[in-house]
Amino acid sequence: MDMETILKTNRIIAATEQDRLAEAMDSAACAILLMYGKLTRLMAEADAISQSSKPIFLHTDLMNGLSNDKESFRFLSAYIKPTGIVTTKGPMIRAAKKEGMLTIQRVFLIDTTSLTTTIKNVLENQPDAIEIMPGIAPSIIAHIKEHLPQPIILGGLIWNRQQVAEALANGADAVSLSRAEMWNDITE
């Protein structure tokens, strides 16, 4: 499975905590970004995660009990079996890819320097997709697509359907949302 295939199903991605994982799994979202989890609970939910009909990406920077090193990704690949990971750290992208996981590199754009650095880092790390934060700045998508071939996901501070529509109209391939009331929206 690749990111383009995942995003063809629907362009809404459920960004959630472990307490709402079941709700996200039952939604129409095309994938799940699992954030703010605990390793002990991940172990208890490993079967549900590995057998989910929806791709599940673990935001490893936000997981308690999991360090960002190569051994962590070997462990995740062997015991939790998520579809992939989300991280801000380039070396972790490369480590997860070596373990056969899909990768989403999360970036924060605050100025021109961060944009230039993002393009350089993504070219170096080659994640499968890029999640741009904050998601309320869709006008930058065209510029990024000129330089990078990966699917673009916008996330963060997206609170309503108008913002989702604007992001998609400006070229975003998907939008990640923590607002459960929008997980069942269908976008094409």
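Which of the following values of semi-axes √(5λ) of the Cα gyration tensor in Å was calculated from the structure shown: (1) 28, 20, 13; (2) 36, 20, 15; (3) 24, 20, 13?
(3)
For every helix of n ≥ 4 consecutive DSSP H residues, a contribution of -39,500 (n - 2.57) applies; sum these over the chain, divide by its total residues, and give [θ] at 222 nm rounded to the nearest 500 deg cm²/dmol.
Taken over the chain, the calculation gives -9500 deg cm²/dmol.
Which residue fluctuates the most in the chain, going by a Gaussian network model with Cα springs under 10 Å, if the choices are 54, 120, 97?
Most flexible of the set in this elastic network: 120.
Consider a paramagnetic label point 7 Å from the Cα of residue 81 along Cα→Cβ; state which residues of the range 34-49 have an amide N under 17 Å from it.
Counting only backbone N, you get 42-49.
Lys and Arg at +1, Asp and Glu at -1: add these up for the other residues within a Cβ distance under 11 Å of residue 151 and post the number. Display every interim value, and only then the final one.
Numbers: positive: 8, 11, 145; negative: 2, 4, 128, 131, 173.
So the surrounding residues net to -2.
In nanometres, what is the gap between the two model label sites at residue 70 and residue 126, each 7 Å from Cα along Cα-to-Cβ?
Simple spin-label model gives 1.7 nm for this pair.
Which residue, 56, 12, 140, tops the fluctuation ranking in a GNM of the chain built on C-alpha contacts under 10 Å?
In the Gaussian network model the winner is 140.
With springs connecting C-alpha atoms under 10 Å apart, model the chain as a Gaussian network and identify which of 45, 146, 71 has the largest mean-square fluctuation.
Of 45, 146, 71, the most mobile in the Gaussian network model is 146.
Tell me which lysines have Cα within less than 26 Å of residue 89's Cα, excluding those fewer than 8 residues away on the same chain?
Within the straight-line cut-off, residue 89 pairs with 38, 54, 70, 81, 97, 98, 120, 145.
Since every read-out is calculated from the coordinates, none of them should be taken as a lab result. Quick caveat: nothing in here was measured; it's all calculated off a predicted structure. Here Cβ is always computed from backbone atoms with ideal geometry, including for glycine, and neighbour counts include all displayed protein chains.
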